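First up is the structure itself, then whatever we jot down about it.
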């Protein structure tokens, strides 16, 4: 969800309000949307700031644009019930790919039979496979 997004007839969500010396800083809409999805769906949902995840720091304009594109594509994918798929960025284009295909192209850095993976499965975490 892009900073500045808001519900109809509502003010933008602010991290810091404006005062005599500073302009308002947007922030928090992603968490509100995450909370709404969790309440509506009954599924645990977490909010991640894409720019922080990608670079470990403050997002640059490309990060913000990419996050908007990822978010819009994810909503379209969910609307057409494209579950078991993930949004991807490939050759400067946004698309989607099956989780199986994405995993087939990714080096396996975690042993699927490890105690940690088995524990995660035991508490209901899905890794997008058939187990």
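The values are calculated or read from the model by the stated rules, or taken from the named source; none is laboratory data. Computed from a predicted model, the values in this text were never measured in an experiment. Positions of Cβ are generated from backbone atoms using ideal geometry, with glycine treated the same way; all protein chains shown enter the neighbour counts.
Conditions first: (1) modelled with pLDDT of 80 or more; (2) within 15 Å of the chain's Cα centre (by Cα); (3) assigned to a helix (DSSP H, G or I). Residue 52 passes all but one, so which condition is the exception?
Among (1) modelled with pLDDT of 80 or more; (2) within 15 Å of the chain's Cα centre (by Cα); (3) assigned to a helix (DSSP H, G or I), residue 52 violates only (1).
Can you name the residue in segment 17-49 that is modelled with pLDDT under 80 and touching a strand residue (DSSP E or B) at 6+ places or on another chain (Cβ under 7 Å) and is also nearest to residue 75 (Cα to Cα) among such residues?
Here the answer is 27.
So in segment 7-48, with the set limited to residues that are in contact with a helix residue (DSSP H, G or I) (Cβ under 7 Å, 6 or more places away or on another chain) and surrounded by 12 or more Cβ atoms within 10 Å (Cβ to Cβ), which one is nearest to residue 126 (Cα to Cα)?
45
Of all residues in segment 87-131, which are modelled with pLDDT of 90 or more, surrounded by 10 or more Cβ atoms within 10 Å (Cβ to Cβ) and not in a helix (DSSP H, G or I)?
Result: 87, 88, 89, 94, 95, 96, 97, 98, 114.
Criterion first (at pLDDT 90 or above and not assigned by TED's automatic domain parsing to the domain that holds residue 5) does residue 79 satisfy it? Even if it seems obvious, please write down each step before you answer.
Numbers: at pLDDT 90 or above: yes; not assigned by TED's automatic domain parsing to the domain that holds residue 5: yes.
Yes, satisfied.
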